[in-house]
1. What number of residues within segment 101-119 satisfy the criterion of being loosely packed, with under 13 Cβ neighbours inside 10 Å and of a type in the set (D, E)?
2. Residues that are touching a Phe, Trp or Tyr at 6+ places or on another chain (Cβ under 7 Å), closer than 16 Å to V9 by Cβ and at pLDDT 90 or above: does segment 101-119 have at least one?
3. Is at least one residue of segment 74-88 open to solvent by 20 Å² or more (accessible area, probe 1.4 Å) and touching a strand residue (DSSP E or B) at 6+ places or on another chain (Cβ under 9 Å)?
4. Quick one: which residue in E50, E43 is within 13 Å of the chain's Cα centre (by Cα) and of a type in the set (D, E)?
5. Considering F20, F122, F135, which residue is farther than 21 Å from K5 by Cα and surrounded by 11 or more Cβ atoms within 10 Å (Cβ to Cβ)?
6. Could you list all residues from segment 31-58 that are under 21 Å from K124 (Cα atoms) and either modelled with pLDDT under 95 or open to solvent by 20 Å² or more (accessible area, probe 1.4 Å) (or both)?
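The values are calculated or read from the model by the stated rules, or taken from the named source; none is laboratory data. Note that the structure is predicted; figures quoted are calculated from it, not measured. For neighbour counting, all protein chains shown are included, and Cβ atoms are generated from backbone atoms with ideal geometry for every residue, glycine included. Note: accessible area is taken over every heavy atom of the protein model, side chains too, but ligands, DNA and RNA are not part of it. Shrake-Rupley method; radii C 1.70, N 1.55, O 1.52, S 1.80 Å.
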Amino acid sequence: MSNNKFKDVFVVDDDKVFHFIIQKLFKNNNIDVKPSFYLNGLEAIETIREKLHLGINMPDLILLDINMPIMDGWQFLDEFRKTRTTNTTATGQTIIYLVSSSNSVSDLNKAKDYQDQIKDYFFKPMTLDDLKKIF
């Protein structure tokens, strides 16, 4: 799986164990990415805005948790949408996958409200099969 279409990958999740696991999955399966890790949506959206201000492309891929402190996944998606629509220099297509331990019906239904932004919804822990669907 070393042929990687994603160069700039954001992992937005407050769970550092998940950060470790996802790095191991990438490394052990020859997925050649060096992800940037963020502990909440606000850190990630600020980085995206800074990149756009500097004329740097949007991330190619975002693995986004829902339940996080400061700014959760839903708030991040709202801000991401605003950032994309208000910034004329935003280039490239960012693919977003929700990755959550939540299997609540309300979260699954709410995800449908964002289907224009998210490609799929994965449950933690992510598996190699999940990654194969992405990469």
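1. Of the residues in segment 101-119, 2 are loosely packed, with under 13 Cβ neighbours inside 10 Å and of a type in the set (D, E).
2. yes
3. Taking every residue of segment 74-88 in turn, none turns out to be open to solvent by 20 Å² or more (accessible area, probe 1.4 Å) and touching a strand residue (DSSP E or B) at 6+ places or on another chain (Cβ under 9 Å).
4. Values: E50 fails: within 13 Å of the chain's Cα centre (by Cα).
Only one candidate qualifies: E43.
5. F20
6. Hits for segment 31-58 are I31, V33, K34, P35, S36, F37, Y38, L39.
Yes or no, residue by residue, for (1) at pLDDT 90 or above; (2) of a type in the set (A, V, I, L, M); (3) touching a Leu at 6+ places or on another chain (Cβ under 8 Å):
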| position | (1), (2), (3) |
| --- | --- |
| D60 | yes, no, no |
| I66 | yes, yes, yes |
| G73 | yes, no, yes |
| F80 | yes, no, no |
| T85 | no, no, no |
| I95 | yes, yes, yes |
| Y121 | yes, no, yes |
| K124 | yes, no, no |
| L128 | no, yes, yes |
